[in-house]
Structure formats: C-alpha cells, structure tokens
1. Find the relative contact order for the stretch 23-91 and round it to a whole percent, using C-alpha pairs within less than 8 Å whose residues are 6+ positions apart.
2. Can you sort 97, 148 by how many other beta carbons sit within 10 Å, fewest first?
3. Show me the ranking of peptides 103-110, 162-169, 79-86 by mean Cβ neighbours inside 10 Å, starting with the highest.
4. Would you mind calculating the gained length between residue 160 and residue 129 on full extension (0.36 nm times residue separation, minus the Cα-Cα distance), in nm to one decimal?
5. Taking the chain as the reference, fit the longest principal axis to its C-alpha atoms, fit the long axis of helix 107-119 to the helix C-alpha atoms, and give the angle between the two in degrees, 0 to 90, nearest 10.
6. Classify the stretch 73-173 as rounded, prolate or oblate, taking a ≥ b ≥ c as the square roots of the eigenvalues of its Cα gyration tensor: rounded when a/c is under 1.5, otherwise prolate if a/b is larger than b/c and oblate if not.
7. Sorted from fewest to most neighbouring beta carbons within 10 Å, what does the list 119, 43 look like?
8. Can you give the Rg to Rh ratio of the stretch 23-91, both from alpha-carbon atoms, with Rh computed by the Kirkwood formula?
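Just so it is clear, none of the values below were taken in a lab; they were calculated from the coordinates. Model, not experiment: these values are computed from the prediction. Counting neighbours? That spans all protein chains shown, and the Cβs are built from the backbone with ideal geometry, glycine included.
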C-alpha cells in the first residue's frame, strides 16, 4: 500500500459494488489537522491560512486553496503526512480519511478478509468485532485506506467495504 497523489489508477472507489470514478483536485489541499500538533508554530501557520482564506473546515479536515500554501509549508505538511487525498465527483469534493470499514457475516468471506488483512498486518491496525471491522493504515494516509478498500472489494467483494470519506457538497442557494 503505497498510495501517491499522482496515482491515477487509484482514482476510484466502490459504492454498492459499482466502481465510481473520481477526478483529482489540484487547486485545493485537504489538510488533516490531527497530523499537526496544536500550539506549534506549524499549526499556527495552518490556522492563519485557514482564517485568511476563509477556508472551510469539516471535522478535522481543512480545505485550503493550494496557491495559499507557501512551498516550504506545503513540503513540511507533506512530510508530516498532513494531506489527505482530495477528489471531485460531479459537484461534490471527497476527502478520503485513514480508515476502512468492513462488514461481512458470511464465514467463508470473513476468512478471505482475515487472510487479506494478514498480508498487510504490518501496515494496519485492525479493530474487529463480530461481523464488522475498522481498519486503519498505520501511515495515517487516506490514500492507503482507499487503496485497501478497493483491494478488498476487488479480491473478496464483501457485503460492505469502504474507506471512510468526507463528502463536501455545495450549499443550496
């Protein structure tokens, strides 16, 4: 699991077993503020950009214009893994977060899922209860979660698997 921003082959997810194509958003960045400790100089810079650009913050993710980020700040945030993948689908923007939810109650499929997760166990944190599992890439990257969810769907096709996402739609006028 080595998701990259430029990887066009990963610009999709599955909904109801159907592949949903996505367009990469270049003009904005999704900053996961949990990756930048409060009270630090770096966090103050991020907070200032959010205020100055009147950027929207959704839960723990701020969507800021890419051109508002100085190159050195963008490099530092990237190094810290603070950016999450940002895509567009129709009129919505979608941010993938570092978590995959899996639901399956058929024993033979659960076994296949466990086997697939075991292959990636060094890279994942798995919280499994009965027929549900929440899996988090240790990298903290939403792109890794998206890649894993797609892999599980394509190899196993469980009842439900999806990377956690934040869907941002325009406000009605």
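1. Across the stretch 23-91, relative contact order equals 50 percent.
2. 97, 148
3. Top to bottom by mean Cβ count within 10 Å: 79-86, 162-169, 103-110.
4. 9.7 nm
5. Result, in degrees: 50.
6. It comes out oblate by the Cα gyration axes.
7. Sorted ascending by nearby Cβ count, the order is 119, 43.
8. Rounded to two decimals, Rg/Rh equals 0.94.
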